[in-house]
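K.L.:
One structure follows; several queries about it will come next.
The values are calculated or read from the model by the stated rules, or taken from the named source; none is laboratory data. Everything numeric here is computed off the predicted structure, so don't read it as measured data. When we count neighbours, we look across all protein chains shown, and the Cβ atoms used for this are built from the backbone with ideal geometry, even at glycine. Areas reflect the complete protein model, heavy atoms only, side chains present, ligands, DNA and RNA absent. Shrake-Rupley method; radii C 1.70, N 1.55, O 1.52, S 1.80 Å.
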Amino acid sequence: KSKKSNIETSDLESLTSSELRKKQEILKIEKLELVIRQKRSLLSEVDMTDEGFDNLYDSYIDLQASKIDKLKDSTKVFTQLSDGLIKADFTKTIDVIKMCEEINSVFSAYSLNINKTRTEKLAELVSDSSTPLLKWKEIIYELKALSEFNSAPEVQDELPHTPVMDSAGFSPANRRKISDALTSEGLLRLASINLDFLPKFAYQTHNEMGDQIPFEEASAGQQATALLNVLLNQDGFPLIIDQPEDDIDNRAIDKIIKNLWGSKKKRQIIISSHNANLVVNGDSELVICCDYNETSEQTKGHIKYEGSIDKQEIRSEITSIMEGGERAFKLRKEKYGF
């Protein structure tokens, strides 16, 4: 036990500050999820007529809200690391499919043959709401009223008012089925559904209009630039990058290089590249030039030269391989008047 404790302490001390922060955030979220599960277990023991349900369910909702706040804080850090290129939105990001599956699972368990389009609409109403957790709470209390209707001291003919369920298309017949079949246990299963918020990422173009586009619709160059900024703005273990210029727009190279200057002070960076801007302007400490043993046959490679940019053979290799040779430099000078 002592040996294991020492190892864990050593591992923790070896973590960089950035990784330690991320680990702490993950632990906080895991603790919140544990408390949510505990509250869910307590809900299953509550008498539905007990006023304690209100306080307990409010506590359950508050814990879910706290978890969402932690996730929002993490995405704010992610936005900062991307230099503002990536933004995460939690406004309408509930996992609707998962929510529908859980609702339908409970309904099926009590033989409530409710059309799935109605539960889908119910989940969409929650997702589209500016306060999803409170909207879901409204629905739970409508279901609670239906569940308790037949057990009320004075049963009336008219079912309880359910405006949210009505707007989702639940007919009087649907609500009557729920009132007849849904038990306290079933209601508690519905009440303890954990709404999963999935962040929706957008790429911020920073143009005059301040446009945002879904991150998955951004170009490969835009995505690569944003994600490379995230990597370079963190400290940590050695970072290996394979030919980043394949996806990065040349107009973004200067920004990447500036981040590279700051990043290499905090971590080792190894880049495989054919772009002279990254090698030269990135102020590489060590340049390794590779070649084939037999160029014509492209046989197994070897290290041809290695050293700093100050070495003549390194400069010559950069000139010939990366930029088309000295003649290409002269042609560009004559053409563009450099």
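K.L.:
Sorting check: for 161-172, 118-129, which peptide has the highest mean count of neighbouring beta carbons within 10 Å, and how do the rest follow?
P.N.:
The densest-packed peptide leads the list: 118-129, 161-172.
K.L.:
Here's something else I'd like to know. Quick one: go through segment 99-119 and flag any residue whose amide nitrogen is under 12 Å from the point 7 Å out along the Cα-to-Cβ line of Ala173.
P.N.:
Correct set: 113-115.
K.L.:
Could you rank Phe201, Phe53 by how accessible they are, 1.4 Å probe, largest area first?
P.N.:
Phe201, Phe53
K.L.:
How big is the gap, in Å, between the Cα center of segment 232-283 and the Cα center of segment 184-199?
P.N.:
When both Cα centres are located, 46 Å separates them.
K.L.:
Between Asp291 and Lys265, what is the FRET efficiency for a Förster distance of 25 Å, r being their Cβ-Cβ separation, to the nearest 0.05?
P.N.:
So, using R0 = 25 Å, E works out to roughly 0.20.
K.L.:
Related question: Starting from the Cα of Asp211, step 7 Å along the direction of its Cβ; do the same at Val280; then give the gap between the two resulting points in nm.
P.N.:
3.4 nm
K.L.:
Just need log10 I(q)/I(0) for segment 158-218 at q = 0.15, 0.17, 0.24 Å⁻¹, Debye formula, equal scatterers on the alpha-carbon atoms, no solvent, rounded to two decimals.
P.N.:
-0.67, -0.73, -1.07
K.L.:
Rounded to whole Å and ordered largest first, report the semi-axes of the equivalent ellipsoid of segment 192-318 derived from its Cα gyration tensor (root of 5λ).
P.N.:
Three semi-axes, in Å: 35, 17, 16.
K.L.:
Can you compute the modelled spin-label distance between Ser272 and Lys70, with each label point 7 Å from Cα toward Cβ, in nm?
P.N.:
3.9 nm
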